[in-house]
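Take a look at the structure below.
The values are calculated or read from the model by the stated rules, or taken from the named source; none is laboratory data. The structure displayed is predicted, hence computed values, not measured ones. As a convention, Cβ positions derive from the backbone with ideal geometry for all residues, glycine included, and neighbour counts pool all protein chains shown. Heads up: the accessible areas ignore ligands, DNA and RNA and are worked out on the full protein's heavy atoms, side chains in. Shrake-Rupley method; radii C 1.70, N 1.55, O 1.52, S 1.80 Å.
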Amino acid sequence: MSETLPGGGVIAGVAVAPREEYGQLVRSRVYRPMEPEDGVWAVTCFAVAPGSKRHGVAGDLLDAAVRHAFARGATAVEAYPHVRGDYMGAPSMFDRLGFEAVRRAGPRTIVRLSA
């Protein structure tokens, strides 16, 4: 998913898909699911153009990604924000939408929002 300028230029994007589509995530010793579970989607990264950062664009994309996943049958949406914030998002962005911590994974926390 992405946000565009009126003239058509892309300013930001977010990756969201069913968790099993991210093979590296599912196989990871750190991020893999604790137990098999159908219907969980994952938000894995954000990309925001430098001039558009700190304007709420990533938060808007997260909101759209969550709505997109739930509209397509997701039972929950997971994400992996870093304590310092990075391309996987800052924890505060997920807190605002009601995501809850599931478990720690190194410097990241696995967060989840259920339908």
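Taking the listed residues A47, A65, the one that is among the small types (G, A, S), assigned to a strand (DSSP E or B), surrounded by 14 or more Cβ atoms within 10 Å (Cβ to Cβ) and out of contact with any Ser or Thr (no Cβ under 6 Å at 6 or more places or on another chain) is A47, with no other qualifying. Among the candidates R54, R32, the residue that is basic (K, R), out of contact with any helix residue (DSSP H, G or I) (no Cβ under 6 Å at 6 or more places or on another chain) and either assigned to a loop (DSSP other than H, G, I, E, B) or modelled with pLDDT under 95 (or both) is uniquely R54. Kindly list the number of the only condition in (1) at pLDDT 95 or above; (2) touching a strand residue (DSSP E or B) at 6+ places or on another chain (Cβ under 8 Å); (3) surrounded by 12 or more Cβ atoms within 10 Å (Cβ to Cβ) that fails for G98. Every condition holds for G98 apart from (3). From the list G73, G13, the one residue that fits, being modelled with pLDDT of 90 or more, at positive phi and either of a type in the set (D, E, K, R) or open to solvent by less than 80 Å² (accessible area, probe 1.4 Å) (or both), is G73. Anything in the stretch 35-51 that is at pLDDT below 90 and within 12 Å of the chain's Cα centre (by Cα)? List them, or say none. Residue satisfying the conditions is A47 alone. For beta carbons closer than 9 Å, sequence separation of 6+ or different chains, a first residue in the stretch 26-46 that is farther than 21 Å from V14 by Cβ and a second that is β-branched (V, I, T) and part of a loop (DSSP other than H, G, I, E, B), the qualifying pairs are E37/T75; D38/T75.
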